Amino acid sequence: MSLGIPLLIIVVLIVLGWYFFRMAKGPKDPRDNVERQGGQHLRYRVPTGQDPAVVVAALTKAGFTAEAVPVPEGHDVVVSLAENRERDRGRVRDAIAQADVSAIGGEGTSYELPPVRFLDEPGSPA
């Protein structure tokens, strides 16, 4: 019994130390899950007024892995592609074009999208 309490205190201190160390590192970089996995990616600059969460949800529903990444201009959505970028480009474009409802400014607000362009295409907003 006399060793149980000090041992418990040491275990609690180790767990608390680990927790505070993880928190001190700051928030997890959102690019860890998509961009740093390797493979091919498409990057879409979300225009003002379009909700990046709706874009990510539409891409997820279409079977893609995507994340919104904050950039100085607003948000980019990075889409991870399992196969050929050129072959999947049209499917990704169609999924983004379906994300024409925004939660910004009121739930279910319809948004008129400009043509969907990726940052590696001519005429992109980059």
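The table below gives the values:
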read-out: Stretchable slack from GLU83 to TYR19, in nm (0.36 nm times residue separation minus alpha-carbon distance); value: 19.2 nm
read-out: Distant-in-sequence amide H partners of THR65 (H built 1.01 Å from N, under 5 Å); value: SER80
read-out: Residue-span extension gain [VAL12 to THR60] - 0.36 nm each, minus C-alpha spacing; value: 13.3 nm
read-out: Residue order for GLU67, GLU86 - accessible surface, 1.4 angstrom probe, largest first; value: GLU86, GLU67
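The values are calculated or read from the model by the stated rules, or taken from the named source; none is laboratory data. Note that the coordinates shown come from a computational prediction; the quantities given were computed from them, not determined experimentally. Surface areas here come from the heavy atoms of the whole protein model, side chains and all, with no ligands, DNA or RNA. Shrake-Rupley method; radii C 1.70, N 1.55, O 1.52, S 1.80 Å.
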